[in-house]
2 protein chains.
Amino acid sequence: MAHPIDDRSLDQLFREGRSHGAWTDAPVTDDDLRAIYELTRLGPTSANSSPARFVWVRSEQGKARLRPHLSAVNADKVMKAPVTVIIGYDPGFARELPRLFPQAPGARDWFSDPQVAEITAFRNGTLQGGYLIMAARALGFDCGPMSGFDNAGVDREFFAGTGVKSNFICSIGRGDPSKLPPRAPRLGFEEAGRLA
Amino acid sequence: MAHPIDDRSLDQLFREGRSHGAWTDAPVTDDDLRAIYELTRLGPTSANSSPARFVWVRSEQGKARLRPHLSAVNADKVMKAPVTVIIGYDPGFARELPRLFPQAPGARDWFSDPQVAEITAFRNGTLQGGYLIMAARALGFDCGPMSGFDNAGVDREFFAGTGVKSNFICSIGRGDPSKLPPRAPRLGFEEAGRLA
């Protein structure tokens, strides 16, 4: 029977994890991005569908392509972040299921209804975005997730011809804790739910 | 600058974390559920919107109310699990923003468009479901997330009159590793994305 991980790790993942918008100059390397992805991809998805798709925007050219589709506040954050990953989702994920979910040879057909495929891809692609945030924090990085941008514009710029749709974006780096606002309150256990 | 958490914790969270469908008799207590929620609620959401709502189904009566809305395979798993949480999302989350996001007094109005409120609630409620899976694993529990049930039926049974909608469900307990199939393959870094 597994035990809780140590308190310092719980702090890093949850209790002291914060959404950052200001970054130190510490780089995020190719190996770092691969290490983050190696953990992210192991998180559970429906029928191992793994619908998330990632564009790791780190070059000046890449940032310049992303910038016009963001609000002014978020554009400034992204231009200064070491890397910002576009988390997208592929509603055509089922084409990979014969390989990803070999235990059910008919799994591809479970998602032949486009509405079912869309909601499955969005739900599970979002879960994978959550795993990415936790994986980056587990490896010692900070995250700055953002939504509220021009998704259609990002899709035209980065996913044209693929059917992939953008979901949210997330800067990754070493945050500057001196720039953080106080942590906002959260809902109590009884406010957010109940036993049944 | 933070360092990676230790390898044993990375194993527990990601590398050896698996979706379980068979459970030992070890109970999951009220205190356990509160500890899982205390970590879950700290994960980041847009404007601290915190739209996820949770029904922690542990009683025999609760399981009997959930059962008719599940597939036969999932119903059997849920009846035998120590607890199964219904992760829902509240499209009316913005009413809480004056308290949850006090730094932006106008934040409630950002979500006055019902379509924006719906997608924000679904995206961020799903992220919180991902944090819940990671929080439960961090505390030594195993998870068995499931979708593909009758969402409208679950909503009528558990969320009538609230506007809350069910998203997915997740059993929590101590899994029986002898019942696990081999881990399915994942997409490689280049298959799931690219640098830009």
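The values are calculated or read from the model by the stated rules, or taken from the named source; none is laboratory data. A quick note: this is a predicted structure, and the numbers were derived from the prediction, not measured. We place every Cβ from the backbone using ideal geometry, glycine too, and count neighbours over all the protein chains shown.
Annotations
- Checked against (1) over 18 Å from B:Arg194 (Cα atoms); (2) touching a residue at least 12 places away in the same chain (Cβ under 8 Å), A:Ala136 passes all but a single condition, namely (1).
- Residue within the range B:146-156 that is part of a helix (DSSP H, G or I), aliphatic (A, V, I, L, M) and touching a His at 6+ places or on another chain (Cβ under 8 Å) present: yes
- Some residue of the range B:86-105 being more than 8 Å from chain A (Cβ to nearest Cβ), touching a Cys at 6+ places or on another chain (Cβ under 8 Å), buried (at least 19 other Cβ atoms within 10 Å of the Cβ) and assigned to a strand (DSSP E or B): yes
- Residues located in the range B:29-55, provided they are more than 16 Å from the chain's Cα centre (by Cα) and either within 7 Å of chain A (Cβ to nearest Cβ) or hydrophobic (A, V, I, L, M, F, W, C) (or both): B:Ser46, B:Ala47, B:Asn48
- Once the range B:11-24 is narrowed to residues that are among the charged types (D, E, K, R) and farther than 16 Å from B:Gly144 by Cβ, the residue that is farthest from the other protein chains (Cβ to nearest Cβ) is B:Asp11.
- Between B:Asn124, B:Asn167, the distinction of being part of a strand (DSSP E or B) and crowded, with 18+ Cβ neighbours inside 10 Å belongs to B:Asn167 only.
- Scanning the range A:171-196 for residues that are more than 9 Å from chain B (Cβ to nearest Cβ) and either crowded, with 17+ Cβ neighbours inside 10 Å or assigned to a loop (DSSP other than H, G, I, E, B) (or both) yields A:Ser171, A:Ile172, A:Gly173, A:Gly175, A:Asp176, A:Leu180.
- Residue match in the range B:52-66 (condition: among the acidic types (Asp, Glu), at pLDDT 95 or above and part of a helix (DSSP H, G or I)): yes
- Meets criteria (surrounded by 21 or more Cβ atoms within 10 Å (Cβ to Cβ) and either closer than 30 Å to B:Leu33 by Cα or modelled with pLDDT of 95 or more (or both)) for A:Pro82: no
- Annotation note: of A:Arg58, A:Arg137, the sole residue that is surrounded by fewer than 24 Cβ atoms within 10 Å (Cβ to Cβ), within 11 Å of chain B (Cβ to nearest Cβ), within 25 Å of A:Asp31 (Cβ to Cβ) and not aliphatic (A, V, I, L, M) is A:Arg58.
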